[in-house]
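Rule-based calculations on the coordinates, nothing more; no lab input. What you are looking at is a predicted structure, and each value in this text was computed from that prediction instead of being measured. All Cβ positions, glycine included, derive from the backbone under ideal geometry; neighbour counts span all protein chains shown.
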Amino acid sequence: MEITKDKAITQLDNFANVNQLLVAESPKAINVCDFTGRFHGRTVVDNINLEISDGSITAIVGPSGCGKSTFLRSINRMNDRISGWSRQGSIELYGEQVYANDVELLSLRRRVGMVFQRPNPFPMSIEENIACGVRAHRLAPRSHMKDIVRARLEEVGLWKAVSGRLKESPFQLSGGQQQLLCLARALAVQPEVLLLDEPTSSLDPISTQAVEELLKEFVPELTIVIVTHNLAQAKRIADNVAFFMNGSLVEFGSCEQIFDSPKEPETAKYVSGIFG
Amino acid sequence: MSTHTSSTQGLPFSPLRGSPLSASPKGQLNSSKYPYRVFLGLARWWRAVVEQSPQYLSAVLGAIPFLALVAIVIILFHEAFPAIKVNGGGFVTHSKWSVGSEYANPIRRDGVATPVGATYGAWPLILGTLEASALALIIAVPVSLLSALIVVEKLSARASRWVGVFLEILVGIPSVIYGLWGALTLGPFLAHHLAPIANHIPNVPILRFFRGPTYNGEGLLTAGVVLGIMIIPIIASTARDLIRQVPASLKDGGRAIGMTDFEVSRKVIWPWIKSGIVGATFLGLGRALGETMAVLMTCGAVLGTTAHSIFSNMNTIAATIVSQLDSAQTDGTGFAVRSLAELGCILIVITLICNIGAKLLLSRATHDTTTT
Amino acid sequence: MTQRPPSPALDQLNKKRRFKDRLLWGIAACALIVIVIPIIWIISQVVSKAIPHMSMSVLLTNTIGNGGGLKQAIVGSITLLVLVGAIAGVTGIGAGIYIARYAPRAIAGFLRSTVEILAGVPSIVVGFVGYIALVVGSHWSFSIWAATIVLSAMVVPYIAKATEVSLRGVSDSLREAGEAIGLRDSLVLRKILIKSASPGIVTGFILALAISVGETAPLLYTAGWSTTSPTFSLKHSPIGYLTYPVWTFYDFPVKSASYLALEAAMLLIILVIALIALAHLLRHKLSKNLPQSL
Ligand SMILES: Nc1ncnc2c1ncn2[C@@H]1O[C@H](COP(=O)(O)OP(=O)(O)O)[C@@H](O)[C@H]1O
Ligand SMILES: [Mg+2]
């Protein structure tokens, strides 16, 4: 949906909804409105309002158990199946309601990728790990599959290490390599937004650095939301930082602002390492 | 590390950017592939069917164990009902088991046709079942508990895997082969080597039960030992799983204050697994009560008397159902088969109680470990 | 810190405790031996008594009266194995999938209990009901299908339980990873969940078959006995199977009969051990490419 400025102006009359134009001009990748999530009636994510702009890296930080993962998983609706889950409010992805009734979950998940805390390759060959999503979404004809696998593996810098054993099990790879494979797997279905839930917390420092550098390369083509425990990591890679506490969004702002001149006292305490 | 090569392979990063989320016809299946709308509709319908089929198919299959259980209980009790009515409470207290006269005209009792002289008392069978099972537990519980303990606490992973294989073989050996071994080998062995020693036991009440004539080795002791061996795997593997759940930190705590390994087992592991072990025992009991062929081949299969000693011939409910079904078929009124069904009812009720008790105890045991 | 003076009493106590520890572990080791002895004793007895009479003709001729060979019984046992494998396999694995994956929580709990209770119903009761309902009640007379149904009802719970437990053992994160890239549910089930659970499912399935092949009591009055190759009609199709000669002939006064019993017993032991070995082989092979390879 590429709308050049000229075209947009000529089409101005045709658009009944001016908002749509605004979206096109200053795109918001994710727009969260009064979002509240509960497990068995206990509020875990409390009335969040947040706009994540296209092509940015947003870090979500906060003490553990404050609902970061739950919020992240709300964006691609991974909580839907969990018993006791209920929600209010809305989340929009490029102007479309994520929680609308007619949303096709499969395409939502294609557009919003996710990487988990622990590397979790599928129990199939390295090659298959990447190909199976592509095939499931019919993103490319069979004959392109080899190139796609290669491209995605190169993208995450894994190609050299695994090119000789594409048909082998991914579980012989190191933890860091497995996580890179999971990243490649998520990228293979060409998402627009990538959600990462503490993706480096089970990795060694070198793998962590590799992942961080990759993430920086992926913007602005990709919008990234990353939950992290590691404030230094947030500082290194994030454009914006959201600070969560007890399920609420305490403060949201640019990375410098949150770390150098936090407005809220809790944020100040947290980033200076007093608690959490 | 690599450079960003997403576009070098002619694969733009996100050609699908902005494809709609909703399931509108344009969005989901791309229409160049399915040119006709009808075909497109059919394709979507078919995909939905395929997508939902595992759920519905497996739900149908999931109902089968339940339906089978209900069918078994209903059929059994339906068959047994007339016998329950006629035999009354005496069924569980009397000892005489007789099909009655084949030749005389049947008489009607409580509206049910029965042969003249037919009388059914299951007391020796009930007692025999309980005695054999009790003997089996006396053998199996300590062996299972100790071996589970040593497997978890002392053996290497490799060795404990081998013990697991042995337990599987014990489960796998057919019950007729246990019976064969019990009748041809173990029974005579016990009769020749153990009975003479047992005869030194003084001939006084209670102790008298542990000595006596041996009837070529078939009897309560042989049946009990064979049963005991047969139920070791179920008790041992349950106990092993229970012991594995004891948190390592607790055990380390015990060692850190200078307990020996066995003191740790007694003071730390045992309180933790106690109720679970009772559950495992019930599980083994449930298995022992229903075991048929091995008992039938080793117990001597007498009708109408209870065992005087551990060497006496005896009989159990399950063994009687098999051994008497042949002759029950000669009863033209069908009353003999119905009485066997009544035996089956008793058996199923006791085993159900055992298994449900076991399940409750075990689920409580595992629940405890997860919450504490 | 002052050095504590050596205390003979304490030394004595420690020695005693250490001795007790060793003694008790020694007893525990004996318990292990108690498990192994019967296996070796049983197998060696049966094999050593059966081997002298074993010949190819046992495998190649049908039973004639109380002599001859065991060909039709071998064929019958394997036929039952295949039929039960197909019917109980599909049912048990399907039921396990439903309980682990699709059933609402309350129903899953209920069905799980049902499966456990059914597993606890004595095999003779299942066989007896099969006799009442199918052989007599439905006028099938002795029938291969009555036998198959009865055996299946017995082993379905084992297979269902193994399937359910293995599926629940697959980490949620793996399933979520599949869902997170937008794989359809059926694909997640097939390619990720079942594949990860396959070592447990296959082992449970084969061990259940090993149990079914050794059953006697439920077959005596449903399968009957036949000295000819199995037929597959619904009614009047008795079938031979290996456990029958063991039970029927073991105390026959005729030599040829008791040899037959021993030979059948030996074949059963070989079959069961082969199945257990197969289960472990497959388990090893299947779990090779899985994260939690044992
Ligand atoms: N599946 C669930 N069911 C019930 N409560 C949950 C579930 N997942 C998370 N919670 C609760 O929600 C709260 C927030 O959890 P989470 O989002 O995982 O925190 P964070 O990722 O910030 O550490 C926690 O108190 C946790 O107990
Ligand atoms: Mg979290």
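Some notes on this structure:
- Placing unit charges on the Cβ atoms only, positive for Lys and Arg and negative for Asp and Glu, gives chain A a dipole magnitude near 1020 debye about its Cα centre.
- The GNM of chain B, with springs linking C-alpha atoms under 10 angstrom apart, assigns the highest mean-square fluctuation among B:Thr238, B:Thr260, B:Thr185 to B:Thr260.
- Computed from the alpha carbon positions, the gyration tensor of region C:8-51 leads to an equivalent ellipsoid with semi-axes of 42, 6, 4 Å, biggest first.
- Chain B: most fluctuating residue of B:Gln324, B:Gln52, B:Gln245 per GNM, C-alpha cutoff 10 Å: B:Gln52
- One equal scatterer on each Cα of region C:54-288, no solvent, Debye formula: the resulting log10 I(q)/I(0) at q = 0.08, 0.11, 0.15 Å⁻¹ is -0.36, -0.63, -1.00.
- For region B:233-372, the convex hull drawn through the C-alpha positions has a volume of 126 cubic angstrom per residue.
- Neighbouring Cβ atoms from other chains, within 10 Å of the Cβ of residues in B:143-150, number 6 on average.
- Cα-based convex hull, the protein assembly as shown, per residue volume (Å³, whole number): 248 Å³
- By average C-beta atoms within 10 angstrom, highest first, the peptides C:125-134, B:220-229: B:220-229, C:125-134
- Sorted fewest first by neighbouring Cβ atoms within 10 angstrom, A:Lys235, A:Lys68 come out as A:Lys235, A:Lys68.
- Value of Rg/Rh across region C:1-145 [Cα atoms, Kirkwood radius]: 1.26
- R0 of 35 Å, Cβ-Cβ distance C:Ala277-A:Ser163: FRET efficiency to nearest 0.05: 0.40
- Chain C: most fluctuating residue of C:Pro38, C:Pro230, C:Pro199 per GNM, C-alpha cutoff 10 Å: C:Pro38
- DSSP H segments from chain C that extend 15 Å or more along their own axis, Cα-based, with Kyte-Doolittle mean of 1.6 or above: C:71-97, C:194-213
- Both radii come from the Cα set of region C:139-227: Rg as radius of gyration, Rh as Kirkwood radius; their ratio Rg/Rh reads 1.21.
- 10 Å-binned pair-distance histogram of region C:209-253 (Cα, whole percent): 26, 51, 21, 2
- Potential extension, C:Lys16-C:Asp251 segment - 0.36 nm per residue separation minus Cα distance: 79.3 nm
- When only Cα pairs below 8 angstrom with a gap of at least 6 residues are kept, chain B shows a relative contact order of 22 percent.
- Each residue of region C:17-83 gets 133 Å³ once the volume of the Cα convex hull is shared out per residue.
- Equivalent-ellipsoid semi-axes of region B:122-371, from the Cα gyration tensor, Å, largest first: 37, 22, 16
- Separation of alpha-carbon centers, region C:73-136 and region A:60-119, rounded to whole Å: 40 Å
- Helix-derived mean residue ellipticity, 222 nm - over the protein assembly as shown, DSSP H n ≥ 4, -39500 (n - 2.57), to 500: -18500 deg cm²/dmol
- Cα gyration tensor category, rounded, prolate or oblate, for chain A with a/c compared to 1.5: oblate
- Longest exposed-site-free window of chain B, the sites being chymotrypsin sites (Phe, Trp or Tyr not before Pro) in a DSSP loop that have at most 11 other C-beta atoms within 10 Å: B:104-372
- Across region B:78-193, Cα-Cα pairs more than 19 Å apart make up 69 percent of the total.
- Ordering of A:44-53, A:142-151 by packing is A:44-53, A:142-151, highest average first (other Cβ atoms within 10 Å, averaged per residue).
- One equal scatterer on each Cα of region B:55-114, no solvent, Debye formula: the resulting log10 I(q)/I(0) at q = 0.14, 0.23 Å⁻¹ is -0.61, -1.02.
- Under 29 Å, Cα to Cα: Lys pairs in chain C, sequence gap 8 or more or different chains: 12
- Nitroxide proxy distance, nm - points 7 Å out along Cα→Cβ at C:Ser55 and C:His284: 3.7 nm
- Projecting the Cα atoms of C:Leu81, C:Met266, C:Tyr241 onto the charge dipole of region C:54-288, computed from C-beta unit charges around the Cα centre, puts C:Leu81 farthest toward the positive end.
- Degrees, to the nearest 10: B:317-328 long Cα axis against longest axis of chain B: 70 degrees
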